[in-house]
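Below: one structure, written as C-alpha cells.
The values are calculated or read from the model by the stated rules, or taken from the named source; none is laboratory data. As the structure is a prediction and not an experimental result, all values here were calculated from the model. For neighbour counting, all protein chains shown are included, and Cβ atoms are generated from backbone atoms with ideal geometry for every residue, glycine included.
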Amino acid sequence: MVTGKIEIALLSVCAISLIFNGVLFWYASRVLGKLSYMYENMKGVQDMNASYLEHLEGMHEMDAYFGDPTIGDLIKHTKFVAEQYKNINEIFMDLEEGFITIEEEADNDAEEEIG
C-alpha cells in the first residue's frame, strides 16, 4: 500500500514537472520570438540612422555648408544616437543568448524526465 502511494506521488510530481517544463519552453520560445522581432526592427532603425549620418557628413563637406556648426552638432548627435542603438542591440543579443540557454535547459529537463 505504501509503495503504491509513493509511486502515485512520484508520477504526479513527474507529470506536474513535465507540464511546467512544457509551459516554460512555450513561454521562452514566445519571448524569444518577440525579442527577435524587436531586434530586427532595431537593426532597421540603426541602418536608417547610419544612412542619415552619411547624408549629414556629405552635406557638411559641401562648399555651401563646410564647417557649419549646426550640421557639425547634428553629426555629433547622430553619432551619439547611433552608439545608443548599438548598446541596445548588444543588450538584445545578450537577452537572446540567455533565452536560447533557457530553452536548451528546458529541453534537456524534459528529455531527462521522459527518459
Exercise. Restricting attention to the range 7-20, does a residue exist that is more than 30 Å from residue 87 (Cβ to Cβ) and acidic (Asp, Glu)?
Worked result: yes
Problem set entry | Every pair of residues 6+ apart whose Cβ atoms lie under 8 Å, when the first sits in the range 37-62 and is in contact (Cβ under 8 Å) with a residue 12 or more places away in the chain while the second is part of a helix (DSSP H, G or I) and of a type in the set (S, T, N, Q) | 39/89; 42/89; 43/89; 46/89; 49/78; 52/78; 53/78; 56/78
For this session: For residue 7, work out the one condition from (1) charged (D, E, K, R); (2) exposed (fewer than 12 other Cβ atoms within 10 Å of the Cβ); (3) at pLDDT below 80 it doesn't fulfil.
Result: (3)
Exercise. Looking at (1) farther than 12 Å from residue 92 by Cβ; (2) surrounded by 14 or more Cβ atoms within 10 Å (Cβ to Cβ); (3) modelled with pLDDT of 80 or more, which is the only condition residue 38 fails?
Worked result: (1)
Seminar exercise, completed: Log entry, pairs with first residue in the range 1-28 being among the hydroxyl-bearing types (Ser, Thr, Tyr), second being modelled with pLDDT under 95, beta carbons closer than 7 Å, six or more apart or on different chains, reads 17/113
Exercise. Within the range 59-68, is there a residue that is part of a helix (DSSP H, G or I) and modelled with pLDDT under 85?
Worked result: yes
